[in-house]
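Structure, as structure tokens:
The values are calculated or read from the model by the stated rules, or taken from the named source; none is laboratory data. Keep in mind that what you see is a predicted model, and the values were worked out from it rather than measured. Here the Cβ positions follow ideal geometry from the backbone for every residue, glycine too, while neighbour counts run over all protein chains shown.
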Amino acid sequence: MDTESQSDLPEGGIQHRVSVLVAQPSIKKLAQAFPRLHERNLFKAARPFPNLKGCFVILFTSRSGSTYLCTEVEKLYRIGAVGESFNASQLSARAKRHELSSPAAAIRYTIRNLGENQWFGFKTGNAGLAIAEMSGFMDHYQNCTKLLLLVRRDLVAQAISQVKAKISSQFHSTQAPLRRANMEDYSYADIAECLASTFDRLKILDEYITLTGRPAARIYYEDFEDGNTSVITSVCDAFGLPRRTSATVKRTRSVEKIRDSLNSAWRERFLSAADDTVRALLNEYRQFIGEGIPAANT
């Protein structure tokens, strides 16, 4: 259990996992949000972690359909609100809102108040995952944690979606765009950069999963984007997530796709101009999604 004296990075496997995630930028950002705390005391806690029966973690990269996946999981399973609970900005905001003195206190508050049925779920990319590791969360709940890696088969479409989101500042359908992207905004270099950086992050998450040895699965956005939840329930049922009944129906957020004809036009233009570097990356990516983690390695 977590104690007041547990403040430094634990010995052993955590150090290796954290090094893979390149944790320092995430911790620096968190430290800036809590300027009164020394970095070594960010995760020092007076209260232990709450008891949990299970923990469900969705690992994702930007514009991969994670919000839609989370809403479907929330509808179908009694594990609470599934969001970016280890995002540095969200931890800081939650601490200020509830007058909590540290990230450690904010993490424990989040587990107690956003979990359900003694289960807790969250989604995270590399940065939030580093915070979860450094805080001792992942090690504490290692025996009850299930990992799900969310992947898009069409990496080019994902990269284009990322570029458009940066232009419009609309990362979710519930946000109003500052402006609409148009054909003149097209940038081969920007799409290629997002392509490479997203693949790099996915490879890091994939390596992390291997290092943990925890039950893990991979799920593809294209298999559920049209509303077919059978692939979601297949994996989550195998993981033992508790199903909702009619008495525990949860009202969830409404999520819509942010996609228009511009996506297709940009995709066609990008692929027709693809150079050797991009073609080599896409070939490597095809191998990456071809190998994969078993559908439900439980």
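Just a few scattered comments:
- On inspection, ALA238 passes the criterion of being of a type in the set (A, V, I, L, M, F, W, C), more than 24 Å from ASN126 (Cβ to Cβ) and either modelled with pLDDT of 95 or more or part of a helix (DSSP H, G or I) (or both).
- In this structure, LEU37 qualifies as surrounded by fewer than 19 Cβ atoms within 10 Å (Cβ to Cβ) and at pLDDT below 95.
- All helices (runs of 4 or more DSSP H) inside segment 31-119 with 3 or more residues being touching a residue at least 24 places away in the same chain (Cβ under 8 Å) and over 26 Å from ALA238 (Cα atoms): 88-97, 103-114
- The residues of segment 80-110 that are among the β-branched types (Val, Ile, Thr) and touching an Asp or Glu at 6+ places or on another chain (Cβ under 6 Å) amount to a single one, VAL82.
- Pairing each residue of segment 266-290 that is touching a residue at least 40 places away in the same chain (Cβ under 8 Å) with any residue that is basic (Lys, Arg) and surrounded by 11 or more Cβ atoms within 10 Å (Cβ to Cβ), provided the two are 6+ apart or on different chains, yields C-beta distances under 6 Å for ILE289/ARG153.
- Among the candidates ALA189, ALA216, residue that is touching a strand residue (DSSP E or B) at 6+ places or on another chain (Cβ under 7 Å) and either among the aliphatic types (A, V, I, L, M) or closer than 26 Å to LEU271 by Cα (or both): ALA216
For every residue, the table says whether it meets (1) hydroxyl-bearing (Ser, Thr, Tyr); (2) at pLDDT below 95.
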{"residue": "HIS172", "(1), (2)": "no, yes"}
{"residue": "GLU193", "(1), (2)": "no, no"}
{"residue": "LYS203", "(1), (2)": "no, no"}
{"residue": "THR212", "(1), (2)": "yes, yes"}
